[in-house]
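Asks: Submitted below is the structure of interest, expressed as structure tokens.
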Amino acid sequence: MYRAVHKSPYDDMLRRRAEDEPSPEPAPVAIASAEPEPPSDAPAPTGRGRTPAPVPTPEPPAEVRFSADGVPEWPLPERLHPAVAELPASVETSVAGVGRYLAGREANPWLRVKALHDYVADRVAYDVEAYRSGRFPPQDAETVFRTRRSVCAGYANLLAALGEAAGENIVVVGGDARNDGGDVTGEGHAWNAARIGGRWALLDATWDAGSVKGDRFEKDYGTEYLFAPPPVQGVTHFPDEPQWQLRAPPLSRGEFFRQPMMKAGFYAEGLELLAPDRSQVTVDGPLLLSLRNPRQRWLMAHYDAGQGGGSGECTASGRESFAVRCEFPGQGTYRVRLFVGRQQYGTYAGVGEIEAHSR
């Protein structure tokens with residue numbers, strides 16, 4: 001019923017093959033552990049062909065950590081794979097050429113897929129004009145490779161094509177995704193899954209490429225949606241085929257919608273939302289949020305009713321356990337956004353939101 005009235009505009013653009021039927025097992029990617037940072041005395045703020053055998057490469061940088069079974073811990077460092085950063089222009093003439101080149105310069109299968117992801121996230125700019133207008137140019141891999149512009153379907157198609165050239169099993173996944181400030185039910189989206197060492201993992205090069213600010217795309221390479229654990233990816237991404245949730249049992253669409261809208265960055269910082277446990281809540285007084293904060297990050301919260309309905313700062317207190325209190329100026333619907341920083345006086349990133357109905 002839902003898909004009958006919410007058809008994704010990207011469905012007919014996605015590169016799917018007969019052998020891409022899902023039969024995945026749960027992915028084993030683990031969230032990186034981290035010791036809590038030293039406490040501070042400062043007060044909390046308020047507010048996927050055969051290919052040549054890969055050439056062995058040196059040990060990965062020290063900051064790329066692997067579990068005992070050889071799986072990288074998430075999130076990976078936000079640094080382009082060296083083979084992508086140093087890719088010669090003479091190689092960058094075809095999808096097949098790039099895929100083979102990258103495959104030949106990384107022996108580790110996980111980091112090889114990372115290199116393919118990094119190429120797409122770094123080289124392709126999001127086509128904001130096409131997204132806003134709903135008029136999409138071709139999203140096939142060859143067109144995207146040539147123009148360096150696409151929407152999510154093009155990112156996913158190019159990554160799958162690069163994977164095929166590199167001898168990697170990377171498939172395109174279609175479904176819905178929800179982001180902060182958008183419809184709680186989400187909108188059509190496309191991403192990828194990769195089979196690495198007999199295991200499946202999820203990746204979204206579109207969301208790791210940057211962000212849309214008004215009518216502009218701001219390039220900002222990241223790794224939060226590279227091998228994100230299924231429960232983390234499953235907060236914002238809901239595939240049409242439940243097998244691609246890589247979790248058992250899979251969430252229903254209703255369960256997906258009801259999850260608080262926390263981004264991958266929220267979990268990457270070790271945070272855990274204890275309450276509320278819904279994306280939308282109704283309150284008769286202040287909205288109270290409770291979080292676990294083992295790495296002792298700095299948090300701020302801000303509410304906004306939009307269209308002149310009132311906005312302001314919420315109070316936040318605590319360190320390892322955090323309490324947020326939002327006092328609304330009146331009745332209405334408020335968007336409460338959470339921000340996290342690693343230093344009290346520095347950059348804070350938006351990591352999630354709750355919609356509150358104040359009575």
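The values are calculated or read from the model by the stated rules, or taken from the named source; none is laboratory data. Computed from a predicted model, the values in this text were never measured in an experiment. Counting neighbours? That spans all protein chains shown, and the Cβs are built from the backbone with ideal geometry, glycine included.
Asks: For the subset of segment 300-330 comprising residues that are of a type in the set (A, V, I, L, M) and modelled with pLDDT under 95, which member is surrounded by the most Cβ atoms within 10 Å (Cβ to Cβ)?
Replies: A316
Asks: Return the residues of segment 331-359 that are hydroxyl-bearing (S, T, Y) and either surrounded by 14 or more Cβ atoms within 10 Å (Cβ to Cβ) or within 15 Å of G285 (Cβ to Cβ) (or both); say none if nothing qualifies.
Replies: Of everything in segment 331-359, those that are hydroxyl-bearing (S, T, Y) and either surrounded by 14 or more Cβ atoms within 10 Å (Cβ to Cβ) or within 15 Å of G285 (Cβ to Cβ) (or both) turn out to be T333, Y334, Y348, S358.
Asks: Also, I was wondering about something else. Just to be sure, is E218 modelled with pLDDT of 95 or more, among the acidic types (D, E) and part of a strand (DSSP E or B)?
Replies: It is true that E218 is modelled with pLDDT of 95 or more, among the acidic types (D, E) and part of a strand (DSSP E or B).
Asks: If R199 satisfies all but one of (1) of a type outside the set (G, A, S); (2) closer than 30 Å to S67 by Cβ; (3) touching a strand residue (DSSP E or B) at 6+ places or on another chain (Cβ under 6 Å), what's the number of the condition it fails?
Replies: (3)
Asks: Then there is this: For segment 307-359, please list each of the strands (runs of 3 or more DSSP E) lying entirely inside it that holds at least 3 residues being more than 19 Å from M261 (Cβ to Cβ).
Replies: 315-318, 321-326
Asks: Please find, within segment 161-199, the residue that is nearest to L111 (Cα to Cα) out of those that are modelled with pLDDT of 95 or more and part of a loop (DSSP other than H, G, I, E, B).
Replies: Within segment 161-199, the match that is nearest to L111 (Cα to Cα) is E168.
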